[in-house]
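Quick notes on the structure that follows.
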Amino acid sequence: MTKAHRDTIFVEEARVIAHQSFPAEQFVLRVTAPECAQRATAGSFAHIRCDADIPMRRPLSIMRTDPKTGVVEFLYKIVGNGLRALSNAGPGDILSIMGPIGNGFDPDDSKPNKLMIGGGVGIPPMVFLAEQLAKSRGGDGQLVLMGSEVPFPFEQVKSALPVNGISPDATDTMPAIEELGVPARLASLQGYAGCYEGYVTDLARDWLSSLGRDGVAQVEMFACGPEPMLEAAAAIAAEFSVSCQLCLEEFMACAAGGCAGCTVQVHGDEGIAMKRVCVDGPVFPATAIYP
């Protein structure tokens, strides 16, 4: 059963079709939610009821969709009782999902090269954006960089897609990204084989530094992850004068703009305003968050 909300957000009874666990209490959840799959864009999210005994939903970024089959995929890490309860859901179980919610990324067609940076559970929007761009323009001109301080929630593979300008130690990628024909590289401070040893934002700086002024002028950045990573990404964008969009992650109650529990300060031409991450975001210009 599906119920429309504001003509854009739908409440669906989604059926779990797969729920895969990874180290460090990370999970990839796949459900059938046709309305969400049809309307979701990279950067949007869904609000999920984790258990019948836990009334407050939890927001999860959408990682992949298949509008033809109605499949929606999420990546999450257990934080709190709600997501721990969700981790017990198995194939055939029904979950109440409200989505898609929020304004997604808005790529600039005048910038042919896209740099996407995802950290931890901020990886899903970057996967979705890479998939969205690959469908419309192919993998050329894209680079996805992913960082994690716990094992990555996928089986790492050696990339066959070359990337100039970054450490030769960064050889591994995510299979789902590689299959799109999009180059991607991994970064961590944990000494994982095939990964750049350092912050993912340092890897991004190395790559931008290798392009030269004319090359940098063709780049647009996108980032999602923990706040320190977003602040670092915004600083790099400012350093290279590259436009950048950030996808924020905030705790929230209603996810429909009513409770104002997820407000953040946003800087604009008319000064500082309080904006709701759920419906005004979650994507904002980097300069609006870190002026």
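Things worth noting here:
- Against the empirical 2.2 N^0.38 Å (N residues), the stretch 250-291 has a Cα radius of gyration ratio of 1.12.
- Across Ile166, Ile54, Ile62, mean-square fluctuation computed from a Gaussian network of the chain (C-alpha pairs under 10 Å connected) peaks at Ile54.
- Label-reachable residues, the stretch 68-96, where backbone N falls under 20 Å from a point 7 Å from Phe251's Cα toward its Cβ: 76-87
- Full extension of the chain between Glu13 and Ala238 yields a length gain of 76.7 nm, computed as 0.36 nm times the residue separation minus the alpha carbon distance.
- Alpha carbon centroid spacing (whole Å) that separates the stretch 71-85 from the stretch 132-201: 23 Å
- Residue order, fewest to most beta carbons within 10 Å, for Lys77, Lys158: Lys158, Lys77
- Dimensionless Rg over Rh [the chain; C-alpha; Kirkwood]: 0.95
- Inter-label distance, nm, simple model (7 Å from Cα along the C-beta direction), Asp66/Thr287: 4.2 nm
- Scattering from the stretch 41-92 was approximated by placing one identical point on each alpha carbon and applying the Debye formula without solvent; log10 I(q)/I(0) at 0.14, 0.16, 0.25 1/Å stands at -0.39, -0.51, -1.06.
- Taking Val11, Val182 and counting other C-beta atoms within 10 Å, the order from fewest to most: Val11, Val182
- Between Ser21 and Asp269, the modelled label-to-label distance comes to 5.3 nm, taking each label 7 Å out from Cα in the direction of the beta carbon.
- Other residues whose C-beta falls under 12 angstrom from the C-beta of His47 contribute a net charge of +2, scoring Lys and Arg +1 and Asp and Glu -1.
- Cα-Cα separations in the stretch 1-109 greater than 26 Å, expressed as whole percent: 12 percent
- For the stretch 113-247: rounded, prolate or oblate by the Cα gyration tensor [a/c cutoff 1.5]: rounded
- Evaluating 6.51 cos²θ - 1.76 cosθ + 1.60 at θ = phi - 60° for every residue in the stretch 53-66, the Karplus couplings come out as 8, 10, x, 7, 6, 10, x, 10, 5, 7, 9, 8, 9, 10 Hz, glycine and proline recorded as x.
Values quoted throughout were computed directly from the atomic coordinates according to the rules given, and no laboratory measurement underlies them. This is a predicted model, so every value here is computed, not measured. So basically every Cβ, Gly included, is an ideal-geometry build from the backbone, and we count neighbours across all protein chains shown.
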